[in-house]
Amino acid sequence: MDVVSADSPPTVAAEPVESAAPAQTITIDPEDEHVVPEAMARLVASARFMLRAMEVNAIYPPLDAVAAMEQTTEVLHRVGGHLDLYVGDFSTAGGKAMGRARDLLRQVRSELSDARNHLAIDSESSPVTAAEPVAV
């Protein structure tokens, strides 16, 4: 059973993955055949944990949520760059499908970037308020 840390989660930088500082230094053994499957399992487990946390606790800044989605999508797009070639070695059609999926991830990241920018701009202006009811 995994133990969940009670420490506060790291903050999400609203910047590209390349410029974000790594949280920790990780050494990867290029000869260990279990490294990538374990990393993939951790990726899925982390995404599921985030989903559960969001379903239970709706106290988080929307800008952070969109930035996290954008950065995660960027990483998945980069992973897709490895997978489309790798999968293509085993299945030409599978490799092409992975390439299309990677293109879609790029499009999703662009939309998330737009959402993040709109949130940032809108947060600088006055907050949206509900309209007063109109008497008929």
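The values are calculated or read from the model by the stated rules, or taken from the named source; none is laboratory data. It should be emphasised that the depicted structure is a prediction, and the values quoted were computed from it without experimental measurement. Every residue, glycine as well, gets a Cβ built from its backbone with ideal geometry; the counts of neighbours run over all protein chains shown. We work out accessible area using only protein heavy atoms, side chains counted, and drop any ligands, DNA or RNA first. Shrake-Rupley method; radii C 1.70, N 1.55, O 1.52, S 1.80 Å.
Couple of notes before you dig in:
- If you go through segment 35-44 and keep only what is within 18 Å of Glu70 (Cα to Cα) and surrounded by 11 or more Cβ atoms within 10 Å (Cβ to Cβ), you end up with just Leu43.
- Within segment 45-66, tally of residues that are acidic (Asp, Glu) and open to solvent by less than 90 Å² (accessible area, probe 1.4 Å): 1
- Within segment 98-124, residues that are within 18 Å of Ala68 (Cα to Cα) and in contact (Cβ under 8 Å) with a residue 24 or more places away in the chain sit with their Cβ atoms under 8 Å from residues that are of a type in the set (A, V, I, L, M, F, W, C) and open to solvent by 70 Å² or more (accessible area, probe 1.4 Å), at 6+ positions apart or across chains, in these pairs: Leu112/Met69.
- From the options Glu74, Glu70, residue that is closer than 30 Å to Asp29 by Cβ, in a helix (DSSP H, G or I) and either in contact with a Pro (Cβ under 7 Å, 6 or more places away or on another chain) or among the charged types (D, E, K, R) (or both): Glu74
- Test: residue in segment 110-121 that is open to solvent by 60 Å² or more (accessible area, probe 1.4 Å), assigned to a helix (DSSP H, G or I) and basic (Lys, Arg): no
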